[in-house]
Amino acid sequence: MLAFATEKDDCATRLDAKEQIEHTAQVFGSGGWKVPRLVEALRQANDLYADTVSQVRIPYWSKTRVALVGDSAFAPSFLSGQGTSLAIVGAYVLAGELASHADPADAFAAYEKITRPFVEANQDLPFRQGGSSILLRTQAELDQRNHRFAALAQGEVPQKDDDYVRQVHNSLRLPDYEQ
Ligand SMILES: Cc1cc2nc3c(=O)[nH]c(=O)nc-3n(C[C@H](O)[C@H](O)[C@H](O)COP(=O)(O)OP(=O)(O)OC[C@H]3O[C@@H](n4cnc5c(N)ncnc54)[C@H](O)[C@@H]3O)c2cc1C
């Protein structure tokens, strides 16, 4: 996978497949390490998939007797990750609330009330200042990211920023439905 930040948010959809490959090859043209191999593989690929990074937000997760959970309701962008955790938490709360309410509509409302703030806090992680470690725009951001990864590899205690991410990841206290 090759990802890059651009001011033009429509380049994945306005170009045809050949142009997408050329554009991407140009962006990564001066890259080192494994990048030339990746660009070469891109040129050979017959199953190219190009898209813009998007965060879809839907205003409600249920209607009458149908409720959505996991990616269908709240897929996070790959900038925040957490899709698996959100899906499992959502499924747990949805099942628990269904077991606790006679009317599914009440269960769905409770499920969304409990889960939505947690979901949105996770989806919003990359939109904070310096929040994304994937689509970086400046050399300073790259240096900071590389320093962070090097420190983690050395087993250093995470910096404050990582503490915030961890806080968001753990910000929902799961209800105990066993009682
Ligand atoms: C390349 C990639 C990397 C990812 N990396 C991470 C990561 O590192 N960490 C992380 O937390 N998340 C990651 N995610 C996101 C994570 O995989 C999803 O958020 C998570 O799988 C969502 O779970 P889900 O159960 O909602 O949906 P899914 O896992 O997509 O499950 C939906 C299931 O429904 C089935 N289905 C679809 N239509 C029908 C139908 N009509 N009838 C019957 N079955 C049907 C599908 O076959 C599928 O098995 C990644 C996703 C991708 C694509």
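Table for the structure above
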read-out	value
The lone exception for Thr64 - which of (1) surrounded by 11 or more Cβ atoms within 10 Å (Cβ to Cβ); (2) at positive phi; (3) among the hydroxyl-bearing types (Ser, Thr, Tyr) it fails	(1)
Looking only at region 65-75, and only at residues there that are at pLDDT 95 or above and more than 7 Å from the ligand (Cβ to nearest atom), the one that is nearest to Leu135 (Cα to Cα)	Phe74
Some residue of region 152-171 being in the same structural domain as Leu98 (by TED's automatic domain parsing), more than 23 Å from the chain's Cα centre (by Cα) and modelled with pLDDT under 85	yes
Helices (runs of 4 or more DSSP H) (entirely within region 1-102) containing at least 3 residues that are among the hydroxyl-bearing types (Ser, Thr, Tyr)	83-100
Some residue of region 16-26 being surrounded by 11 or more Cβ atoms within 10 Å (Cβ to Cβ) and within 16 Å of the ligand (Cβ to nearest atom)	no
Every residue from region 78-123 that is within 10 Å of the ligand (Cβ to nearest atom) and either β-branched (Val, Ile, Thr) or open to solvent by less than 70 Å² (accessible area, probe 1.4 Å) (or both)	Ser80, Gly81, Gln82, Gly83, Thr84, Ser85, Leu86, Ala87, Ile88, Gly90, Ala91, Asn122
Pairs where the first residue, in region 37-54, is at pLDDT below 95 and the second is aromatic (Phe, Trp, Tyr), C-beta under 9 Å, 6+ apart	Leu38/Phe28; Val39/Phe28; Leu42/Phe28; Val53/Phe78
Scope region 69-98; condition in contact with a helix residue (DSSP H, G or I) (Cβ under 8 Å, 6 or more places away or on another chain) and of a type in the set (A, V, I, L, M, F, W, C); matching residues	Val69, Ala73, Phe74, Ala75, Leu79, Leu86, Ala87, Val89, Val93, Leu94, Leu98
Pairs with Cβ under 6 Å, 6+ apart, first in region 71-89 and farther than 17 Å from Glu112 by Cβ, second part of a helix (DSSP H, G or I) and more than 6 Å from the ligand (Cβ to nearest atom)	Leu79/Pro126; Ser80/Asn122; Ser80/Gln123; Ser80/Leu125; Ser80/Pro126; Gln82/Asn122
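The values are calculated or read from the model by the stated rules, or taken from the named source; none is laboratory data. Bear in mind that the values here come from a model prediction, so they are computed numbers and not experimental data. No Cβ is skipped: glycine too gets one built from the backbone with ideal geometry, and neighbour counts run over all protein chains shown. Surface accessibility is based on the protein's heavy atoms, side chains included, excluding ligands, DNA and RNA. Shrake-Rupley method; radii C 1.70, N 1.55, O 1.52, S 1.80 Å.
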